[in-house]
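The values are calculated or read from the model by the stated rules, or taken from the named source; none is laboratory data. As the structure is a prediction and not an experimental result, all values here were calculated from the model. All Cβ positions, even for glycine, are placed from backbone atoms using ideal geometry, and neighbour counts span all protein chains on display. Accessible surface is based on the protein model in full, side chains and every heavy atom, while ligands, DNA and RNA are left aside. Shrake-Rupley method; radii C 1.70, N 1.55, O 1.52, S 1.80 Å.
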Amino acid sequence: MMMNEATREYVLQHVDDDVRRLALAGSKVAEVDLTVALQQIKGRQTARQKVPSWAAIDAILYPVGLSMEQCSSEQTARYKTAVCSRLLTDMPSPHTLIDLTGGFGVDFAWMSEVFERSIYVERNAELCAVATANFQALGRMVQTVCSDGIDFIRRHKGRATMVFLDPARRDDHGGRTYGITDCTPNVLELKDELLSKADRVMLKLSPMLDWRKAVQDLGEPYIKEVHVVSVQNECKELLVVLSQEDARTDAFRFYCVNDERAWQVPATSAPVAMGEVKCGLFLYEPNASIMKAGCFSQVASAFGVQPLSANSHLFVADQYVDDFPGRKFLISAVSSMNRQEQKVVFRDVRQANVTVRNFPLSVAEVRKKLKLADGGSDYLFATTLADNRHVLILCKKLRF
């Protein structure tokens, strides 16, 4: 993608403006390629949220909107890089990375920093051209290839240290898909072939996919690591690292990740008794990755907290657990569903942040019932205890 000087100046002048209004207004300068300019402005605005360090560089080019929507965030790319760096410590150098589904190149750009040789492969010619220009602007000494990734790896001579794939998760009609067999390429069919070409294969899969099903489909003996990755408590992706060590008998490593923190889930857990709920106790809500992973017994055992029930996924303890992977609260009041008790407990509460866990009413219904506005400094959890009692737990969020 090439931009003349007039188009480049237009982008810099209007980078903060509304793209729709710019499209309607048009450009008074004939040399401005408005289609290209609007694509660059929209892309840069998206990058400010997803890839802020790139958005700060004027020379970075941006592809069409769908590619920007599908690209990884800078934060998740940095995490993959940290995983690669750790894995490489036990592997002979020189280290080679091959990204078979390069796309916009965010993951590849960061991951390539820890490899001696890195090859980006993308079958879309425009995307490949954009990525090539961007890698040059970033000073990355990498190889780019415009080709189908599977055709490339089949022709490639030699063995890679790491092959990375982010299979396309849309069908022929543009609809979203989640299952491994519904993605392109189908890595279940290609697994053995990929592992014959690489010491490790890292797959980026949909956050909607059940990790247990992914492990079962791919074959547990081939699984080296599983990572459930969240950003700001929103699950973003499922990473699976495969190896050819099919004789391995030890359990794979399993990580729950939120922002900068990765918690390695223990393979086993000790039995934990159900907890009671009362004023003065600390309440703990696991982050999105743990919710997705479903490793609640391991959480209780590892952090010394007690679940309120088997299905509520809330925990209590009489001590503050600083490193608990999730939100932390101090319980200030507890109410049953008795109307008179609720009037006493909530008489001075006008607004609260409401969460329901394993509860028969929705958030909106709880608000209506208690006449609460949204927001404020109070947090209300509506949940069900182990003895099937429905309770309302009023809390203050702890930020230290």
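Please give the helix 74-88 orientation as an angle from the longest Cα principal axis of the chain, in degrees from 0 to 90, rounded to the nearest 10. On a 0 to 90 degree scale, this one is about 80. The local environment of A47, defined by Cβ-Cβ distances under 14 Å, has a net charge of 0 under the rule Lys, Arg +1 and Asp, Glu -1.
Taking each DSSP H run with n ≥ 4 as -39500 (n - 2.57) and averaging over every residue of the chain yields -9000 deg cm²/dmol at 222 nm.
If you take the Cα Rg of the chain and divide it by 2.2 N^0.38 Å, with N the number of residues, what do you get?
Working: Rg = 25.0 Å, N = 400, 2.2 N^0.38 = 21.4 Å.
With N residues counted in the chain, Rg over 2.2 N^0.38 Å equals 1.17.
Whole-Hz Karplus values for the range 353-370 come out as 8, 9, 10, 10, 9, 6, 9, x, 10, 7, 4, 4, 5, 5, 4, 5, 4, 9 Hz, taken residue by residue from phi with 6.51 cos²θ - 1.76 cosθ + 1.60 and θ = phi - 60°; glycine and proline positions read x.
Per-residue Karplus couplings for the range 120-125, computed as 6.51 cos²θ - 1.76 cosθ + 1.60 with θ equal to phi - 60°, are listed in order as 9, 10, 8, 7, 7, 5 Hz, Gly and Pro entered as x. Amide hydrogen proximity for L398: with H placed 1.01 Å from N in the peptide plane, the residues at 5 or more positions away or on another chain lying under 5 Å are K328, F329, L330. Charge tally around Y10: other residues with Cβ under 15 Å, Lys/Arg +1 each, Asp/Glu -1 each, net -3.
Over the range 30-146, with every protein chain in place, what whole percent of the accessible area is carbon and sulfur at 1.4 Å, could you tell me? With neighbouring chains kept in place, the figure for the range 30-146 is 51 percent. Net charge in the neighbourhood of G105 (other residues with Cβ under 10 Å of its Cβ; Lys, Arg +1, Asp, Glu -1) is -2.
Among the listed pairs K191/K213; K204/K292; K292/K396; K371/K396, a Cα-Cα separation exceeding 22 Å is found for K292/K396. For the chain, C71, C84, C183, C235, C256, C279, C295, C395 stand unpaired, since no other cysteine beta carbon lies under 4.7 Å from theirs.
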